[in-house]
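Structure first, commentary second.
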Amino acid sequence: MCIFCEIVAGNIPGKKVYEDDEVLAILDISQTTKGHTLVMPKKHYENFLEMPADEFGRLMEKVQHVAKKAVKNLEANGCNVLINTNAVAGQSVMHTHVHIIPRYDENDTIRVEFKENKFDLDEILKKINQD
Ligand code: AMP
Ligand code: ZN
């Protein structure tokens, strides 16, 4: 069993923020910012690309629910919502999870930076919608 399946099963403790039949949200142990939360399906999917669309849709409804409560009740000014998918994107636990990272300040201990690239947009458009 993976570490998040162990938490879902109750074999490893987790600080539960939200729970229903399908979804569990826990405080991330790293607390990148105050209230950093992980929302995950109880069923093991390695990443969100493998999830049935309806299950992913319901997961994201819960992400919004938890994020709204966290931002309001922790008095944050916004949040980053992040899904790392595969090792190349920084995924370290191979059980789908959505990070909710409340933001208090532009200098919080997280940095999401989009660096400029020089790709040809038309060439990408031709490829991106292929079957
Ligand atoms: P990622 O890099 O997107 O796979 O994120 C994995 C996250 O899981 C990291 O932010 C870790 O801090 C967090 N994490 C790992 N183990 C635990 C645990 N036992 N309880 C809570 N969070 C955890
Ligand atoms: Zn798992």
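The set of residues in region 1-40 that are within 14 Å of ligand 2 (Cβ to nearest atom), of a type outside the set (Val, Ile, Thr) and not in a loop (DSSP other than H, G, I, E, B) comprises 4, 5, 6, 9, 24, 38, 40.
The single residue among 63, 98, 112, 88 that is surrounded by fewer than 17 Cβ atoms within 10 Å (Cβ to Cβ), within 15 Å of ligand 1 (Cβ to nearest atom), modelled with pLDDT of 95 or more and aliphatic (A, V, I, L, M) turns out to be 88. Under the condition of being in contact with a strand residue (DSSP E or B) (Cβ under 6 Å, 6 or more places away or on another chain) and not hydroxyl-bearing (Ser, Thr, Tyr), the residues counted in region 28-40 number 6.
Among the residues of region 41-59, those that are assigned to a helix (DSSP H, G or I) and surrounded by 15 or more Cβ atoms within 10 Å (Cβ to Cβ) comprise 48, 55, 56, 58, 59. Among the residues of region 67-85, those identified as assigned to a helix (DSSP H, G or I) and open to solvent by 80 Å² or more (accessible area, probe 1.4 Å) are 68, 69, 72, 73.
Against the list (1) touching a residue at least 24 places away in the same chain (Cβ under 8 Å); (2) within 23 Å of residue 12 (Cβ to Cβ), the condition residue 31 fails is (1).
The values are calculated or read from the model by the stated rules, or taken from the named source; none is laboratory data. Just so it is clear, the structure is predicted and the values come from calculations on it, not from any experiment. Because the Cβ atoms are built from the backbone with ideal geometry, glycine has one as well, and the counts that use them run over all protein chains shown. Accessible surface areas use protein heavy atoms only, side chains included; no ligands, DNA or RNA. Shrake-Rupley method; radii C 1.70, N 1.55, O 1.52, S 1.80 Å.
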